[in-house]
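See below for the structure under consideration.
The values are calculated or read from the model by the stated rules, or taken from the named source; none is laboratory data. Because the structure is a prediction, the values reported are computed rather than measured. Note: ideal-geometry Cβ built from the backbone for every residue, glycine included; neighbour counts use all protein chains shown. With ligands, DNA and RNA removed, areas are computed over all heavy atoms of the protein, side chains included. Shrake-Rupley method; radii C 1.70, N 1.55, O 1.52, S 1.80 Å.
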Amino acid sequence: MKKKLLSVLLTTAMVASMLVGCGSSQGAAESTSTSTDTQETAPAEDASSETTDAAADTAADTATGGGKVGVAMPTKDLQRWNQDGSNMEAQLKEAGYEVDLQYASNDIPTQVSQIENMINSGCELLVIASIDGDSLGTVLEQAKEKNIPVIAYDRLIMNSDAVTYYATFDNYMVGTKQGEYIKEKLDLDNADGPFNIELVTGDPGDNNARFFFGGAMDVLQPYIDAGKLVVKSGQTDFETVATANWSTETAQSRMDAIISANYADGTKLDAVLCSNDSTALGVTNSLEANYTGEWPIITGQDCDIANVKNMIAGKQSMSIFKDTRTLASKVVEMVDAVMKGGEAPVNDTETYDNGTGVIPSYLCEPVFADASNYKELLVDSGYYTEADLQ
């Protein structure tokens with residue numbers, strides 16, 4: 001889909017028209033691009049109509065930026081990936097591209113197989129939200145061999161030099177906003193404390209989870225070191241507080257154990273840092289079943305419907321809103337630029353090193369939603385309807 005291809009096709013068309021002298025210049029170009037030998041031994045009008053149509057489609061696609069794009073999403077089990085996938089598919093189709101959208105049910109071999117099929121079925125660019133950032137190196141070597149650009153979507157694909165670009169929200173900022181929310185709501189700079197807090201983050205195979213947790217802990221760690229925040233469970237390192245597959249059930253089970261060991265005697269839990277909404281939902285479920293004290297501050301991310309309902313009900317304090325329409329629009333812009341032979345727009349060339357070098361990235365800015373502003377952010381913008389949140 002390079003501009004050079006269009007130039008070659010058009011030039012060939014002009015030459016063929018002069019030599020053959022029959023039909024339109026487009027028809028001659030289509031015949032010429034199929035076989036030079038055919039022109040020398042048969043009239044142009046004998047060329048296959050299917051070949052003619054295919055060449056015409058190729059020329060038209062090059063001119064308009066069309067082509068086939070593979071979009072690999074990790075799972076339909078989390079609401080946000082359904083929204084990401086549908087937004088991406090709709091906007092790419094509107095821009096004139098054929099889209100192969102696949103969900104992998106959080107199964108790595110399935111995602112690898114889907115990507116391999118995309119490569120072999122004519123996809124000219126891949127947009128991939130990986131299940132595990134380290135699991136795609138081998139299959140992406142096939143993409144590299146065929147010069148198929150790869151845009152890592154939301155989750156950085158690690159240790160592969162086949163990754164061309166990265167598009168995501170500012171993941172470190174997500175964490176800092178969560179940490180700052182807790183800091184402000186507990187008034188940590190002025191209140192005496194101490195306050196009890198527990199920590200829950202995401203999948204250890206998701207590179208973003210470390211950015212979320214790191215951003216939050218850069219805000220909260222000084223207060224933990226000073227003793228104003230106390231983690232009664234003692235669970236503070238990333239590996240211990242990580243939640244495989246961002247699972248609601250796993251987060252709930254771990255919180256059950258924490259409450260039983262540290263808060264069953266009536267000790268107050270003041271805050272729970274949750275890196276996203278699926279883990280926050282698990283924590284909320286556990287608190288509802290096991291905790292009798294005053295409700296703590298609970299953070300989240302993604303503004304899933306169940307969690308927004310919990311915010312309205314006072315069970316979850318906030319959630320980071322990452323408007324997937326915004327990210328999808330930016331990715332479509334990146335796809336369009338690359339498919340037309342140019343360079344994708346980026347705004348970060350320093351932060352995201354995937355082990356083979358820094359990947360040029362575009363970072364969208366997240367915002368937080370809570371009970372005070374969710375209507376403006378989520379309903380008035382058309383992201384949800386009022387009925388969705390009833």
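Details
- Here the simple spin-label model places points 7 Å from the Cα toward Cβ, and for S121 and D353 these points are separated by 3.8 nm.
- FRET efficiency estimate (nearest 0.05) - Cβ-Cβ, S253 to E180, R0 22 angstrom: 0.15
- Per residue accessible area in Å² of region 254-349, where ligands, DNA and RNA are left out and the probe is 1.4 Å: 33 Å²
- Each of E376 and A226 was given a label point 7 Å from its Cα along the Cα-to-Cβ line. The distance between the two points is 3.0 nm.
- Ranked packing of 99-106, 333-340, most packed first, by mean Cβ within 10 Å: 333-340, 99-106
- Among residues other than A280 with Cβ under 11 Å from its Cβ, the summed charge is -2 (Lys and Arg +1, Asp and Glu -1).
- Neighbourhood charge, 15 Å Cβ-Cβ cut-off, centred on E145 and excluding it, Lys, Arg +1 and Asp, Glu -1: -2
- Under 12 Å, Cβ to Cβ, from D302 - net charge with Lys/Arg +1 and Asp/Glu -1: -3
- Heavy-atom accessible surface of region 256-303: percent carbon and sulfur, 1.4 Å: 44 percent
- Among the protein heavy atoms, those of V367 account for about 60 Å² of accessible surface (1.4 Å probe, every chain in place).
- Modelled FRET efficiency - R0 30 Å, D77 with V346, Cβ distances, 0.05 increments: 0.45
- Rough spin-label spacing in nm, given labels placed 7 Å along Cα→Cβ, for T267 and T385: 4.7 nm
- Alpha-carbon radius of gyration plus Dmax, which is the widest Cα pair, for region 112-228 in Å: 19.4, 63
- Ordering of 139-146, 260-267 by packing [mean C-beta count within 10 Å, highest first]: 139-146, 260-267
- Ordering of 232-241, 247-256 by packing [mean C-beta count within 10 Å, highest first]: 247-256, 232-241
- With all protein chains modelled, accessible area of K76 [1.4 Å, Å²]: 120 Å²
- Here K144 and F238 are evaluated by their C-beta separation; at R0 = 35 Å the FRET efficiency comes out at 0.65.
- Rolling a 1.4 Å probe across all protein chains gives D304 an accessible area of roughly 20 Å².
- Protein accessible area in region 63-211, 1.4 Å probe - carbon and sulfur %: 42 percent
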